[in-house]
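Inspection log for the structure reproduced underneath, given as structure tokens.
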Amino acid sequence: MLNFDWLSGVSQESAKIVFLALFVLIGILVLFIPNEYAYEGVEKDDRHWWNNLKLWAIGVLAILFLIYYIF
């Protein structure tokens, strides 16, 4: 059984900052993914901005960031 009593001393504000920093870090790492890998499976002639998986990942991270920031 997991015991998380050791986290009882961490304030909600500190935990919020840690999660927001993690979302930013993941977003930066996503930006380092090469475009060829992000467009894998899409022909060069048929590539559109909505096929870029990096944009979708950044969008999802932005939504999660906003939700955690507000609440």
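Every number here is computed from the coordinates shown, using simple stated rules; none is lab data. Keep in mind that this is a model prediction, so the values were computed, not measured. Ideal geometry is used to build each Cβ from the backbone, glycine not excepted, and the neighbour counts take in all protein chains shown.
Take Tyr37 and decide whether it is in contact with a Phe, Trp or Tyr (Cβ under 9 Å, 6 or more places away or on another chain) and of a type in the set (Ser, Thr, Tyr).
On the way: in contact with a Phe, Trp or Tyr (Cβ under 9 Å, 6 or more places away or on another chain): no; of a type in the set (Ser, Thr, Tyr): yes.
No; evaluated as a whole, the condition is false for this residue.
Given the options Phe32, Phe19, name the one that is loosely packed, with under 10 Cβ neighbours inside 10 Å and out of contact with any Leu (no Cβ under 8 Å at 6 or more places or on another chain).
Phe32
Being more than 15 Å from the chain's Cα centre (by Cα) and β-branched (Val, Ile, Thr) is the filter here; which residues of region 8-34 pass it?
Val10
If you check every pair at least six apart or on different chains, which have Cβ atoms under 7 Å apart with a residue in region 43-54 that is under 18 Å from Leu31 (Cα atoms) first and a residue that is of a type in the set (Gly, Ala, Ser) and not in a loop (DSSP other than H, G, I, E, B) second?
Asn52/Ala38; Leu53/Ala38; Lys54/Ala38
Do you know which residues across region 8-35 are assigned to a helix (DSSP H, G or I), in contact with a helix residue (DSSP H, G or I) (Cβ under 8 Å, 6 or more places away or on another chain) and over 16 Å from Phe65 (Cβ atoms)?
Asn35
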